[in-house]
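Chemist: Have a look at the structure that comes next, please.
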Amino acid sequence: MIYYNVTTQLEKCIESKWLEWIQKDHIPEMLNTKKFIKVKLLRVIIDEEKNSTTYATQYMLKSKSLLDNYLKNDAKIFQNKTFQKFGDKALSFRTQLELISEFK
């Protein structure tokens, strides 16, 4: 399994609007690309400045080729939509992760 992790630091003034948007609009649109199996939205627990909060959104895919396809054909469109909606009040960085093993 491959994970596409997007970590986003938000200014507090947009947090509730961003949370509503990512859950009701963005994640469903990402799932509609049919490239992702499942998505997890997590809040990063760190000592932060009082005016910001950080979230990690983990998109699960079956293969690296699906991620490469997303990055080539879809990523810029989604990133531009996000920037148009929130500007620099939501700053993100992205990482690609490969699941090696899982324990329960």
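The values are calculated or read from the model by the stated rules, or taken from the named source; none is laboratory data. Here the structure is a predicted model, which means the values were calculated and not measured. Please note: Cβ atoms are built from the backbone with ideal geometry, for glycine as well, and neighbour counts cover all protein chains shown. To get the accessible areas, we keep the full protein, side chains included, count just its heavy atoms, and leave off ligands, DNA and RNA. Shrake-Rupley method; radii C 1.70, N 1.55, O 1.52, S 1.80 Å.
Chemist: What is the stretch 1-92's relative contact order, in percent, from Cα pairs under 8 angstrom and six or more apart in sequence?
Modeler: 45
Chemist: In addition: In deg cm²/dmol, rounded to 500, what helix-only [θ] at 222 nm does the chain give when every DSSP H run of at least 4 residues adds -39500 (n - 2.57) and the total is split over its residues?
Modeler: Numbers: 4 runs with 35 residues, N = 104.
That comes out to -9500 deg cm²/dmol.
Chemist: Another one. Between LYS50, LYS76, LYS64, which gets the highest mean-square fluctuation from a Gaussian network model of the chain, Cα cutoff 10 Å?
Modeler: LYS50
Chemist: Regarding the chain, what are the three Cα extents along the principal axes, ordered largest first, in Å?
Modeler: Answer, in whole Å and largest first: 37, 34, 20 Å.
Chemist: Could you check how much of the accessible area of the chain is carbon and sulfur, as a whole percent, using a 1.4 Å probe? Write down the numbers at each step before the final one.
Modeler: On the way: 3620 of 7060 Å².
Carbon plus sulfur share of accessible area: 51 percent.
Chemist: Could you pull out every one of the lysines with an alpha carbon less than 30 Å from that of LYS50, ignoring same-chain neighbours closer than 8 positions?
Modeler: LYS12, LYS17, LYS24, LYS40, LYS81, LYS85, LYS89
Chemist: R0 = 41 Å: FRET efficiency of ASN80 with MET60, Cβ-based, nearest 0.05? Please report the intermediate quantities before stating the final value.
Modeler: Working: r = 23 Å, r/R0 = 0.57.
FRET efficiency, ASN80 to MET60: 0.95.
Chemist: Using the heavy atoms of the protein chains alone and a 1.4 angstrom probe, what is the accessible area of the chain per residue in square angstrom? Intermediate values should be presented prior to the final figure.
Modeler: Details: 7060 Å² over 104 residues.
Each residue of the chain exposes 68 Å² on average to a 1.4 Å probe.
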